[in-house]
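Trainee: Here's a structure for you.
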Amino acid sequence: MRKTGYLLLRLWIRIALWCYFSKISRSGLAHIPKDKPLLFLANHQNALLDALLIAVRGPRKIYFLTRSDVFNNPLLKRFFEFLQMIPIYRMRDGIGSLQQNKTIFEYCSRLLQRGEAILIFPEGNHSLKRKVRPLSKGFTRFLFAALEKNPQLDIRLLPLGFNYDNAVNFPDKVSVWYGKDLRVLDYYDKEKEATSVSRMKTAVFQELTTLTTHIADDEMHDGLVRHFKRGGLDFLDPVAINRAVMEMPKAPQEGVMVLESPSKRGIGEWAFNILNFPITLIWAFAIRPKIKELEFVSTVRFMWFLLLFPLYYLMLAVLLIYYLGISGATIIVAGHFLFNIGLVKLRS
């Protein structure tokens with residue numbers, strides 16, 4: 001029963017993501033090992049959406065290590081646990097809470113010994129900056145714990161990169177690039193643990209910088225992003241963008257650094273807001289102002305639409321059936337939905 005519920009929830013989220021993004025592309029899905037203990041290691045830009053984009057596509061059932069504070073809401077806690085998300089504790093959660101990570105790492109070690117797949121964001125935080133940040137060594141702890149139990153366990157690491165056109169915007173575009181798997185035993189030496197950690201982090205970091213945009217110099221970052229956008233470069237293609245970064249020794253100077261802001265509203269966005277004003281009005285005036293971190297804007301917006309649009313269409317259908325009958329209600333509701341999808345997809 002739980003398995004059926006998981007598959008239905010996964011299908012629901014997959015459809016919702018397709019409706020939410022104007023374009024989702026994936027590269028390298030064939031690189032995912034189907035029968036090895038596997039650790040996905042991804043850059044982290046867009047809060048929960050990063051995990052959901054991986055959860056709904058691919059040949060593996062995945063467990064996710066997620067920042068613990070998102071489990072504070074009891075309703076969301078059940079939702080996240082159903083999606084096989086596991087809380088990971090950070091210093092900001094309190095020094096005492098860090099002790100709970102020992103239990104979490106032991107659990108992850110057991111998952112790997114069972115041949116399961118886990119996703120972790122080794123940067124340890126999220127940011128809209130288009131760069132790979134220094135990696136934490138936390139992911140190596142449960143790798144080594146698993147190898148202590150089974151020294152011949154063939155664990156694979158699979159770096160993957162998220163590339164958003166502009167993660168604050170709706171609708172947005174995203175590409176997910178899967179790298180080639182790395183064999184942990186090629187980097188692990190039980191007698192030289194510190195060296196093993198360093199080699200593993202370096203290999204993953206280097207791979208990530210080819211799978212997502214990597215503008216290492218913070219002073220150049222915003223100027224380069226604006227310059228590439230004006231030049232029409234596609235941020236869904238990290239190879240092309242990183243080549244352009246290497247070929248440009250100096251970024252255009254544009255004053256004080258600021259993160260990318262949402263684009264100006266076009267006719268399509270105005271049409272979407274008017275057509276869906278009960279939902280978009282509450283979002284704009286009651287929910288959006290309460291979001292303090294830009295990295296959470298897209299995730300909260302997606303969750304809001306995910307929960308409210310089905311109810312919205314149900315209420316609209318009931319009301320229209322009362323006045324127009326089933327045929328009239330079906331035509332209007334279907335037309336409304338298709339028009340919404342058209343407005344989203346035309347932004348691709």
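The values are calculated or read from the model by the stated rules, or taken from the named source; none is laboratory data. All values derive from a computational prediction rather than experimental measurement. Here the Cβ is made from the backbone with ideal geometry for all residues, glycine too, and neighbour counts use every protein chain on show. Calculation scope for accessible area: heavy atoms of the full protein, side chains included, ligands and nucleic acids excluded. Shrake-Rupley method; radii C 1.70, N 1.55, O 1.52, S 1.80 Å.
Trainee: Can you find a residue that is assigned to a loop (DSSP other than H, G, I, E, B) and among the aromatic types (Phe, Trp, Tyr) anywhere in segment 143-166? So that I can check it myself, show each step before the final result.
Mentor: Here is the first cut: in segment 143-166, the residues assigned to a loop (DSSP other than H, G, I, E, B) are 150-155, 165-166.
If we keep only those that are among the aromatic types (Phe, Trp, Tyr) as well, we get none.
Within segment 143-166, none of the residues are assigned to a loop (DSSP other than H, G, I, E, B) and among the aromatic types (Phe, Trp, Tyr).
Trainee: Across segment 331-348, which residue is surrounded by the fewest Cβ atoms within 10 Å (Cβ to Cβ) among those that are in contact (Cβ under 8 Å) with a residue 12 or more places away in the chain and more than 21 Å from Leu17 (Cβ to Cβ)? First the steps, then the outcome.
Mentor: Applying the first criterion (in contact (Cβ under 8 Å) with a residue 12 or more places away in the chain) to segment 331-348 yields 332-333, 336-337, 339-341, 343-348.
Filter once more, so that each one left must be more than 21 Å from Leu17 (Cβ to Cβ): 332-333.
Values: Ile332: 14, Val333: 16.
Per the stated criteria, the residue is Ile332.
Trainee: Out of the residues in segment 136-146 that are open to solvent by 10 Å² or more (accessible area, probe 1.4 Å) and either touching a Leu at 6+ places or on another chain (Cβ under 8 Å) or among the basic types (Lys, Arg) (or both), which is farthest from Phe296 (Cα to Cα)?
Mentor: Residues of segment 136-146 open to solvent by 10 Å² or more (accessible area, probe 1.4 Å): 136-138, 141, 144-145.
Adding the requirement that they be either touching a Leu at 6+ places or on another chain (Cβ under 8 Å) or among the basic types (Lys, Arg) (or both) leaves 137, 141.
Details: Lys137: 25, Arg141: 28 Å.
Ranking the qualifying residues of segment 136-146, first place goes to Arg141.
Trainee: Let me ask something else. State the number of residues belonging to segment 174-185 that are assigned to a loop (DSSP other than H, G, I, E, B) and basic (Lys, Arg).
Mentor: Final tally of qualifying residues: 1.
Trainee: State yes or no: is Pro171 modelled with pLDDT of 90 or more, assigned to a loop (DSSP other than H, G, I, E, B) and closer than 30 Å to Asp35 by Cα? Working first, answer last.
Mentor: Working: modelled with pLDDT of 90 or more: yes; assigned to a loop (DSSP other than H, G, I, E, B): yes; closer than 30 Å to Asp35 by Cα: no.
In short, no.
Trainee: State which residue is nearest to Phe302 (Cα to Cα) when the search covers only segment 36-60 and only residues that are at pLDDT below 90 and open to solvent by 50 Å² or more (accessible area, probe 1.4 Å).
Mentor: Taking the candidates together, the pick is Arg57.
Trainee: State all residues of segment 147-178 that are more than 17 Å from Leu208 (Cβ to Cβ) and open to solvent by 40 Å² or more (accessible area, probe 1.4 Å); if no residue qualifies, say none.
Mentor: Residues satisfying the conditions are Glu148, Lys149, Asn150, Pro151, Gln152, Asp165, Lys173.
Trainee: Residue pairs, Cβ under 6 Å, 6 or more apart or interchain, first in segment 52-74 and in a loop (DSSP other than H, G, I, E, B), second among the basic types (Lys, Arg). List them.
Mentor: That search, which allows pairs on different chains as well, returns Val56/Arg10; Val56/Arg14; Pro59/Lys34.
Trainee: Another question, then. Sort through Leu8, Leu53, Leu29 and tell me the only one that's of a type in the set (A, V, I, L, M, F, W, C) and under 12 Å from the mean Cα position of the chain (by Cα). It would help to see each step written out before you state the result.
Mentor: On the way: Leu8 fails: under 12 Å from the mean Cα position of the chain (by Cα); Leu29 fails: under 12 Å from the mean Cα position of the chain (by Cα).
Answer to the selection: Leu53.
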